[in-house]
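Have a look at the structure below, then the notes.
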Amino acid sequence: MKTTLTQKDNLVLAICLIAMFFYIDLIAQEQTDEKKWRPEDIIGTEYVSSLKFSPNGNMMVWTKRKPLKEKDKFVTDIYLTRLDMKKDGKFRTFQLTDNEESDHSPFFSKDNETIYFLSSREKGKKLWSMSIFGGEAKKVHEFKNGISNVRWLKDNTLALISNEGKTLYEEETKKDNTQVIEDSLHWKINRLYSFDLKKKELTRLTDNKYPVSQYAISKNGKYLVTGHTMSLHYGIDANPKPKYYLQNLETGKRTEILKGLQTPNRFEFTEDNNGFYFMAVTSSDPEWRGAGISELYYYDLTSRNYTKVDLQWKNGVGGGTTVVGNNIIVSLANGPTRTLALYVKNGNSWSKKAIELGEMNDRVDILTVQEKGSKAAFVYSTASKPPQYYVTDLITKKGNLQWNNQQVFVELNKKFKKRTKAKSEIIRWIGANGDEVNGMLYYPKNYESGKKYPLILSIHGGPTGVDRDTWSERWSTYPNIYSDKGAFVLKPNYHGSGNHSQEFIESIKGHYYDLEMIDIINGINHLNEQGMIDMDKLGAMGWSNGAILVTMLTLRYPDMFKAAAPGAGDVNWTSDFGTCSFGVRFDQSYFGGAPWDDVAGKTYNETYILKSPLFEIEKIKTPTIIFHGSEDRAVPRDQGWEYYRGLQQVGKAPVRFLWFPGQPHGLRKITHQLRKMKEEIAWFDKYLFKTDKPKNEAFKKDSPLAMLLEIDRTAKHNGFYGSNENGVLIPELVKIAKDSISIGRFEVTNAQYGAYDESHKIESGKENHPVVGLDKEKIKAYIAWLNQKTGKAYRLPNAGEAKKLHQKARKIAAKENSLNYWAGYNITSDEVPHLKEKIKEAKENLISSVGKFKCTRVGKADIYDLGGNAAEYFEDGNAIKSYGYSAYDFVDPHNSECHTDAKNIGFRLIME
């Protein structure tokens with residue numbers, strides 16, 4: 001049964017088509033990229049940081065990092081979320097700062113009306129303020145010697161860290177580019193100061209001889225606890241060990257405390273001002289500040305003694321602590337997860353209370369708690385779910401802490417909603433010593449059970465790092481990109497990984513490499529036994545200790561891996577000891593002594609050599625790409641050179657070495673992070689996935705040769721552009737997007753029109769020129785003939801489509817076949833008449849064959865001559881009008897209109 005469209009139906013259809021075309025570029029881009037992860041997505045991930053509640057609990061201030069590509073750096077901006085204001089059911093969030101410097105460390109005034117913050121603007125030495133009601137940021141005070149770690153001491157008075165300024169010695173020291181690596185006679189001592197906001201007075205609170213590294217102040221402003229680094233390297237050396245002091249700010253009396261504990265940290269006073277909680281490490285080698293577990297302590301101000309809080313948990317503290325009143329919430333280490341628990345203080349003992357958060361259990365990290373303990377903010381994520389930020393009410397009933405009314409307070413990473421997130425799970429297998437080990441496994445996109453896939457190991461650093469079931473996509477590890485490529489990604493938590501038991505963490509001391517290798521290989525075998533992976537397609541990547549393990553894997557299993565990408569990893573422990581900023585602490589702890597030690601007949605220099613891949617590097621055959629920062633002191637930069645030189649000289653493995661100037665252990669510049677990722681991806685494409693296409697390095701993508709080759713790939717018949725259908729030359733059309741309209745790759749040519757109208761005269765050599773000068777009736781007759789010949793529905797662009805095409809044409813026309821192009825310089829409207837007079841002297845028509853200039857992307861379609869050559873007709877009701885520019889038209893940057901002579905107007909077709 002036939003149906004007919006009413007006038008109303010036609011109008012609706014036309015409107016729909018116009019709307020579709022208007023957004024066609026966006027739609028096509030989304031269809032191409034909406035599910036595919038890109039390096040730019042990964043490094044641009046948004047996170048909430050430095051969150052603080054207002055005293056009344058009605059607001060939160062926080063920061064978010066953003067990339068500034070033009071400055072090649074990341075900066076942070078400040079945001080305000082109003083918990084007392086909603087719009088469309090969501091809390092109102094306002095961006096307070098937006099510039100090319102980092103604004104950071106925000107906090108509220110006591111009256112809730114002002115936000116104070118620090119900034120890198122103006123050399124980073126000022127305290128700034130901003131009203132919550134709006135307005136520009138104001139300078140509160142300039143601290144000529146710097147300012148950091150600002151917090152409230154009491155009403156109208158802040159505590160902060162600064163220093164005394166330059167000494168005469170510093171002023172008179174010769175200024176050149178010499179770097180003083182260490183000078184134990186001249187220290188820059190950070191001290192604690194108070195600053196009166198009303199009087200603008202700065203008062204020194206401590207007269208310490210060693211820098212303040214951390215501090216906490218009791219709620220009543222009476223007591224101060226400080227930690228001090230005794231090493232010029234600010235605490236990364238094993239010795240001398242830090243010292244800790246308790247100071248009465250009213251009397252000035254200071255007492256050294258916490259002697260014998262390993263690296264106490266995270267001091268936080270209770271609401272009643274009777275003491276403070278803190279954490280400290282328990283390890284078997286505290287003399288070297290060796291790796292271990294963190295345990296919780298309470299220091300009582302009355303007795304001047306500390307007590308270990310019985311956590312009733314073997315693995316200790318994982319993600320930190322948060323004091324609520326006199327009680328404390330602890331994030332307990334639980335391998336690939338963390339478990340929250342509340343510890344209620346009852347005199348000198350504590351009772352443990354579970355915190356139940358439903359499906360979010362073991363996947364929550366607390367960001368902050370409001371000072372009265374009535375609200376908390378937390379982040380929830382899994383390896384397959386990007387971070388979600390919540391605010392919740394805290395209610396204490398009969399010793400239990402209830403989390404009520406959980407609400408998302410801000411939505412970040414909205415573009416991720418369209419990305420396909422890799423399925424992930426915690427897997428467990430038997431590793432070294434018969435112990436259970438675990439890791440995070442990410443599945444390939446569109447995984448099919450029973451099919452074998454490539455596997456990439458992404459190995460964490462540390463070695464006391466840990467891979468948890470939490471969102472973890474960054475420049476150093478990005479499993480979703482490899483999932484897109486059809487690979488499994490395994491992040492193994494090998495022996496020595498943090499967030500586990502002390503026994504597990506310390507098991508590799510004296511056995512460095514030995515247990516980890518077994519764990520990782522057993523993990524691979526575990527997946528292979530389940531028929532999930534292709535053992536001929538294994539790759540390995542890692543940063544820092546992850547790179548160290550990647551290197552040893554390729555050495556011990558030279559035929560197993562098809563590609564390796566180690567970044568900032570050691571290969572020579574004999575040179576690491578003296579050149580690593582914490583080599584003494586690390587190497588003594590894991591290897592048992594210094595290279596020159598001879599203990600009980602054991603010569604440690606032999607151990608250092610036996611553990612160094614450099615001395616067996618001739619065994620490595622895996623194609624390896626090496627990354628290293630030029631200013632890396634955690635894994636000394638020359639380790640990268642030694643690694644590269646060894647592989648290059650042996651010559652058994654293809655090797656590529658990338659050096660990032662000015663970069664420390666972790667890459668900071670946007671360009672360097674992206675370069676690392678893209679080079680790494682290309683390396684795996686080449687050697688693991690075998691999907692790379694050999695690149696002709698002499699071929700420039702936008703060269704005239706490239707344009708020629710591109711136009712040669714378009715449809716032709718007997719030398720004429722177009723397709724042959726039913727023996728007739730017709731225009732070639734290309735789809736703008738999937739299931740959408742198609743558009744002519746070129747304007748209709750003389751040869752194509754001549755296939756319909758045999759009387760149409762065509763000069764020799766101009767068969768592929770656009771047909772111009774036709775009237776409305778001839779164009780309509782041609783389209784009707786074409787539809788009859790092909791059984792398809794061709795038409796002219798409508799007004800809405802033409803508007804969109806004209807907007808795109810304006811952006812490119814000055815560089816295509818237009819009057820601007822022929823002039824050879826940036827002409828003005830005043831010069832146009834004179835130029836047109838000169839053009840009259842030209843014997844050759846300026847309109848040329850189609851496809852002489854670079855193609856233009858419209859959605860997914862590559863089309864030619866949109867910016868010039870012949871202007872083009874569109875249909876507007878019963879009339880036809882033109883859009884775009886001909887070779888004789890001026891592209892006016894100040895006027896979008898163009899009135900083209902009819903003899904220079906052609907047409908391009910649309911097909912439904």
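The values are calculated or read from the model by the stated rules, or taken from the named source; none is laboratory data. The structure presented is a predicted model; accordingly, all values stated were derived computationally and were not measured. With ideal geometry, Cβ positions are generated from the backbone for all residues, glycine too; neighbour counts draw on all protein chains shown.
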For residue 37, state whether it is more than 26 Å from residue 391 (Cα to Cα), assigned to a loop (DSSP other than H, G, I, E, B) and among the hydrophobic types (A, V, I, L, M, F, W, C). yes
So which residues in the stretch 427-441 are touching a residue at least 40 places away in the same chain (Cβ under 8 Å) and surrounded by fewer than 24 Cβ atoms within 10 Å (Cβ to Cβ), if there are any at all? 427, 429, 430, 432, 433, 435, 441
Condition test on residue 289, is it closer than 27 Å to residue 193 by Cα and charged (D, E, K, R)? no
Some residue of the stretch 780-797 being in contact with an Asp or Glu (Cβ under 9 Å, 6 or more places away or on another chain), surrounded by 15 or more Cβ atoms within 10 Å (Cβ to Cβ), touching a residue at least 12 places away in the same chain (Cβ under 8 Å) and among the aliphatic types (A, V, I, L, M): yes
Restricting attention to the stretch 482-494, does a residue exist that is touching a Pro at 6+ places or on another chain (Cβ under 7 Å), assigned by TED's automatic domain parsing to the domain that holds residue 678 and aliphatic (A, V, I, L, M)? yes
Only one of 414, 385, 372 is outside the structural domain of residue 488 (by TED's automatic domain parsing) and at pLDDT 95 or above, namely 385
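To keep it simple, each residue is scored yes or no on (1) surrounded by fewer than 17 Cβ atoms within 10 Å (Cβ to Cβ); (2) under 19 Å from residue 635 (Cβ atoms).
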| position | (1), (2) |
| --- | --- |
| 653 | no, no |
| 661 | yes, yes |
| 667 | no, yes |
| 673 | no, yes |
| 677 | no, no |
| 691 | yes, no |
| 694 | yes, no |
| 698 | yes, no |
| 709 | yes, no |
Qualifying positions in the stretch 328-364 - of a type in the set (A, V, I, L, M) and under 26 Å from residue 275 (Cα atoms): 328, 329, 330, 332, 333, 340, 341, 342, 344, 354, 355
Single unsatisfied condition, residue 395 versus (1) part of a strand (DSSP E or B); (2) touching a residue at least 60 places away in the same chain (Cβ under 8 Å); (3) among the hydrophobic types (A, V, I, L, M, F, W, C): (2)
Top-ranked residue in the stretch 721-736 [being part of a loop (DSSP other than H, G, I, E, B) and without any contact (Cβ under 8 Å) to a residue 24 or more places away in the chain; ranked as surrounded by the fewest Cβ atoms within 10 Å (Cβ to Cβ)]: 727
Look through the stretch 711-720, keep the residues that are touching an Asp or Glu at 6+ places or on another chain (Cβ under 7 Å) and closer than 18 Å to residue 862 by Cβ, and return whichever of them is surrounded by the most Cβ atoms within 10 Å (Cβ to Cβ). 714
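For (1) part of a loop (DSSP other than H, G, I, E, B); (2) farther than 15 Å from residue 542 by Cα; (3) touching a Pro at 6+ places or on another chain (Cβ under 7 Å), each residue gets a yes or a no:
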position	(1), (2), (3)
438	no, yes, yes
444	yes, yes, no
447	yes, yes, no
451	yes, yes, no
455	no, no, no
458	no, no, yes
462	yes, no, no
Please count how many residues of the stretch 77-108 are of a type outside the set (Val, Ile, Thr), in contact with a strand residue (DSSP E or B) (Cβ under 9 Å, 6 or more places away or on another chain) and either under 13 Å from residue 53 (Cβ atoms) or in a strand (DSSP E or B) (or both). 19
Whichever residue in the stretch 750-777 is exposed (fewer than 15 other Cβ atoms within 10 Å of the Cβ) and not in a loop (DSSP other than H, G, I, E, B) and, among such residues, is farthest from the chain's Cα centre (by Cα): 777
Considering each of 472, 507 in turn, give the residue that is touching a residue at least 60 places away in the same chain (Cβ under 8 Å), assigned by TED's automatic domain parsing to the domain that holds residue 562 and under 24 Å from residue 340 (Cα atoms). 472
For the stretch 737-749, check the following and say yes or no: at least one residue is assigned to a helix (DSSP H, G or I) and more than 43 Å from the chain's Cα centre (by Cα). no
Kindly provide the set of residues from the stretch 190-209 that are among the hydroxyl-bearing types (Ser, Thr, Tyr) and either touching a Lys or Arg at 6+ places or on another chain (Cβ under 9 Å) or over 16 Å from residue 222 (Cα atoms) (or both), ordered by number. 193, 194, 206
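Okay, residues lined up against (1) closer than 28 Å to residue 439 by Cα; (2) outside the structural domain of residue 382 (by TED's automatic domain parsing); (3) in a loop (DSSP other than H, G, I, E, B); (4) among the hydroxyl-bearing types (Ser, Thr, Tyr):
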residue	(1), (2), (3), (4)
311	yes, yes, yes, no
321	yes, yes, no, yes
330	yes, yes, no, no
338	yes, yes, no, no
342	yes, yes, no, no
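This table checks each residue for (1) modelled with pLDDT under 95; (2) among the hydroxyl-bearing types (Ser, Thr, Tyr); (3) over 30 Å from residue 188 (Cβ atoms); (4) under 29 Å from the mean Cα position of the chain (by Cα).
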| position | (1), (2), (3), (4) |
| --- | --- |
| 52 | no, no, no, yes |
| 56 | yes, no, yes, no |
| 61 | no, no, yes, yes |
| 78 | no, no, no, yes |
| 88 | yes, no, yes, no |
| 100 | yes, no, no, yes |
| 125 | yes, no, no, yes |
| 132 | yes, no, yes, no |
| 144 | yes, no, no, no |
Among the residues in the stretch 587-603, are any of a type in the set (Gly, Ala, Ser), assigned by TED's automatic domain parsing to the domain that holds residue 536 and surrounded by 15 or more Cβ atoms within 10 Å (Cβ to Cβ)? no
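One line per residue, one yes/no per condition, for (1) free of Cβ contacts under 8 Å to residues at least 24 places away in the same chain; (2) surrounded by 11 or more Cβ atoms within 10 Å (Cβ to Cβ); (3) not small (Gly, Ala, Ser):
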site	(1), (2), (3)
129	yes, yes, no
140	no, yes, yes
158	no, yes, yes
177	yes, no, yes
205	no, yes, yes
213	no, yes, no
228	yes, yes, yes
Only one of (1) under 15 Å from residue 143 (Cβ atoms); (2) touching a strand residue (DSSP E or B) at 6+ places or on another chain (Cβ under 8 Å); (3) assigned to a loop (DSSP other than H, G, I, E, B) does not apply to residue 165, and that is (2)
Residues of the stretch 108-124 classified as of a type outside the set (Ser, Thr, Tyr), touching a Leu at 6+ places or on another chain (Cβ under 9 Å) and either surrounded by fewer than 19 Cβ atoms within 10 Å (Cβ to Cβ) or over 13 Å from residue 147 (Cβ atoms) (or both), total: 2
Looking at 809, 814, 861, 842, can you tell me which residue is of a type in the set (A, V, I, L, M, F, W, C) and more than 45 Å from the chain's Cα centre (by Cα)? 842
